[in-house]
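Bear in mind that the values in this text are calculations on the coordinates, not laboratory data. From a predicted model like this one, the values you see are computed outputs, not experimental measurements. Virtual Cβ from ideal backbone geometry, glycine too; neighbours counted across all protein chains shown.
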Amino acid sequence: MGITLKAARVNAGLTQQEAAERLGVAKDTIRNWEKGATYPDVPQLKKIELEYKIKYSDIIFLNSNNS
């Protein structure tokens, strides 16, 4: 079962701003990840797994054509 990055954030009960603060990135970065414009690197993915309580393998990453 897969889940988009946005859905994982929402399920974790976080706004984009809250997620950005917890992950140590800008709100724009969260938005770009969720739209598929850019992608998190490995250290950021580890933080996402912890904060969103989801495994990397369960995340569906959109590409910019799917947004």
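Okay, here's what the table says:
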{"read-out": "Which numbered condition Gly2 misses (of (1) touching a residue at least 40 places away in the same chain (Cβ under 8 Å); (2) small (Gly, Ala, Ser); (3) surrounded by 14 or more Cβ atoms within 10 Å (Cβ to Cβ))", "value": "(3)"}
{"read-out": "Output for segment 26-46, where each listed residue is touching a Leu at 6+ places or on another chain (Cβ under 7 Å) and either assigned to a loop (DSSP other than H, G, I, E, B) or under 16 Å from Val10 (Cα atoms) (or both)", "value": "Trp33, Glu34, Lys35, Gly36"}
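Residue-wise test of (1) surrounded by fewer than 14 Cβ atoms within 10 Å (Cβ to Cβ); (2) in contact (Cβ under 8 Å) with a residue 24 or more places away in the chain; (3) small (Gly, Ala, Ser).
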| position | (1), (2), (3) |
| --- | --- |
| Gln17 | yes, no, no |
| Ala20 | no, no, yes |
| Ile30 | no, no, no |
| Thr38 | yes, no, no |
| Asp41 | yes, no, no |
| Glu49 | no, no, no |
| Ser57 | yes, no, yes |
| Leu62 | no, yes, no |
